[in-house]
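Report on the structure given below.
The values are calculated or read from the model by the stated rules, or taken from the named source; none is laboratory data. Computed from a predicted structure; not experimentally measured. Cβ atoms come from the backbone with ideal geometry, glycine included; neighbour counts cover every protein chain shown.
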Amino acid sequence: MKWVDGRMQYQHRIAYESQHGPVPEGMHVHHTCGNKLCVSPEHLVALTAGEHFRMHSIPKAAEYYQSLEKCQKGHGLSDHNGHRICKVCRYERNKRWKQNTGVRERNIEVKRLWRTKRKETGLAYV
């Protein structure tokens, strides 16, 4: 970043403006070379926010996540309905959720309630 006209501006925007003129209102400057540090005016183009978002997020994120082999904790990933998931982390997360919400205890309590009702009514166990 650099001070220009009393405010901070990104170097790549300054480089774009030196060759192409001011960046149109609401436009983003995109690096066609993919190098964020590049300030070569030939590698810079103005895009709308939507175009810039699509160029960076969707293909790059999908490519990045498909290339992963391990989760953040080092467990292997497996494919699940087109998504890469860590079964170990998912199991641990579900286990913590059940402990925090008391799901298991409620299920046990419901089963006890049904058993006592069956005994009282004389219904056979299934």
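Structure summary
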item: Long-range neighbours under 7 Å by Cβ, at least six apart or interchain, first residue modelled with pLDDT of 85 or more within the stretch 20-41, second assigned to a loop (DSSP other than H, G, I, E, B); result: Val29/Val23
item: Single condition Lys119 does not satisfy, out of (1) charged (D, E, K, R); (2) at pLDDT 80 or above; (3) in a helix (DSSP H, G or I); result: (2)
